[in-house]
Amino acid sequence: MGFLKNFKADLKALTKWLGSSSTWAVQPEKKQVDLKDLQKKTKKDLEKMGRKVGIELDRRLTKDKLIKQIKKASK
């Protein structure tokens, strides 16, 4: 029981020292993509572009919906 009590105190102290979890969480880096001529690209190409901006696209959706998601994520 003593171990658990010390563990909770240590965890609380460590959390206080590190700050809130949102300040030290690793955020994926978004790359800038060229939004020109998206209609000319295939769904596979759009899926790759989506990954570059940090989203996973479902190729079962229409091309227009994929393009809207890419534009929204790249803002």
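A few comments on the model shown:
- Within segment 33-45, the set of residues being assigned to a loop (DSSP other than H, G, I, E, B) and loosely packed, with under 10 Cβ neighbours inside 10 Å comprises Asp34, Lys36, Asp37.
Matching residues to (1) part of a loop (DSSP other than H, G, I, E, B); (2) surrounded by 14 or more Cβ atoms within 10 Å (Cβ to Cβ); (3) at pLDDT 90 or above; (4) touching a Ser or Thr at 6+ places or on another chain (Cβ under 7 Å):
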{"position": "Leu4", "(1), (2), (3), (4)": "no, no, no, no"}
{"position": "Ala13", "(1), (2), (3), (4)": "no, no, no, no"}
{"position": "Ser22", "(1), (2), (3), (4)": "no, no, no, no"}
{"position": "Lys30", "(1), (2), (3), (4)": "yes, no, no, no"}
{"position": "Glu47", "(1), (2), (3), (4)": "no, yes, yes, no"}
{"position": "Glu56", "(1), (2), (3), (4)": "yes, no, yes, no"}
{"position": "Lys75", "(1), (2), (3), (4)": "yes, no, no, no"}
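The values are calculated or read from the model by the stated rules, or taken from the named source; none is laboratory data. Quantities reported herein were computed from a predicted structural model and do not represent experimental measurements. No Cβ is skipped: glycine too gets one built from the backbone with ideal geometry, and neighbour counts run over all protein chains shown.
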